[in-house]
Amino acid sequence: MSETTWAALRHRLLGRYDEFVRRLSRRLGSADAAREVVHETYLRLQRVGDIEPIRNPDGYIFRTAINIAKNREVKERRHLGASEIDILMEIPDEGPDPARIAEARSEAAQVRLALAQLPQRRREIFEASWVDETPHAELARRYGVHLRTIQRELDEATKYVRRWCKENGAPSRRVSPPEWSSE
C-alpha cells in the first residue's frame, strides 16, 4: 500500500475486524476488551489530512490498538476498585464532630474566665507556657526570676484554674500542669 490515507486505514480495520479482535483477545486476555479497543482504534483513525506512507498498515493498526489498551490499563489502575473503596469507607473519621468542637470552645471560654482572675504576671506566664509553648528557662530570663519561680507560678495557675472550673461546674480534665523544662 504505497498511498496511505486515514480512510484507507479505517477501511482496512473494518475489513479485518474479526482478525484484529482475535489477535487482541489473545494479547489482552478478553474478547470484550479487544472489541472495545478495536472500536476505540477506529475512532482514533477518524482523522483528516495527509498521512505519511505506512509500510505495514496492519502492524500500524495493531500497534495503535495495543497502545490504546496500555493507556486504558494505566487509566484503570488509577481508579480504586470496589474492595478498596469498601476498605476506605471503614476508616473512622478521627476529626472532631460538631458537638466536640462546641464542647471544646465552651471549655476554652471557661478557662479564659478563670485566667482573667489570676494576677497579671501569673496569667502571662501560664499563657506563654501553654499557648506559645515558651520554654520555662526563657520565661525565667524574661521575667528576671529563677526557673523554680516559673514552675511555682505555673503550678499555682493550674491549681487555681482546676479549682475554679470545679466550683463553676466547668470540666477541668484538660487542665494539667505542663512538664517542667529547663530549656
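Quick notes
- Residue among Gly95, Gly81, Gly59 with the largest mean-square fluctuation in a Gaussian network model of the chain, springs linking Cα atoms under 10 Å: Gly59
- Rounded to the nearest Hz, the phi-derived 3J(HN,Hα) couplings of the stretch 77-91 under the Karplus curve 6.51 cos²θ - 1.76 cosθ + 1.60 (θ = phi - 60°) are 5, 6, 8, 7, x, 4, 5, 5, 5, 4, 5, 5, 5, 7, 6, where x marks glycine and proline.
- Taken along the Cα-to-beta-carbon direction at a fixed 7 Å, the label points for Gln120 and Asn67 span 7.7 nm.
- Other residues with beta-carbon under 15 Å from the beta-carbon of Glu73 carry, at +1 per Lys or Arg and -1 per Asp or Glu, a net charge of +2.
- Relative intensity, log₁₀ I(q)/I(0), of the stretch 98-167 from a Debye sum that treats every alpha carbon as a point, q = 0.14 Å⁻¹: -0.46
- Each of Glu167 and Arg78 was given a label point 7 Å from its Cα along the Cα-to-Cβ line. The distance between the two points is 6.4 nm.
- Unit charges at the beta carbon, dipole of the chain: most positive-side option, Val131, Pro119, Ala82: Ala82
- Computed extension gain for Arg35 through Trp130, at 0.36 nm per residue and net of the alpha carbon distance, reaches 27.5 nm.
- Counted residue by residue at 0.36 nm each, then reduced by the alpha carbon distance between them, the extension gain from Leu88 to Thr5 reaches 24.9 nm.
- Each label was represented as a point 7 Å from its Cα along the Cα-to-Cβ direction; for Leu14 and Glu103 these points are 7.0 nm apart.
- Taking every Cα-Cα distance in the chain and sorting them into 10 Å bins from zero, the calculated P(r) comes out as 8, 21, 13, 8, 6, 7, 9, 15, 11, 1 percent.
Values in this text are rule-based calculations from the coordinates and carry no lab data. Note that this is a predicted model, so its numbers are computed, not measured. All Cβ positions, even for glycine, are placed from backbone atoms using ideal geometry, and neighbour counts span all protein chains on display.
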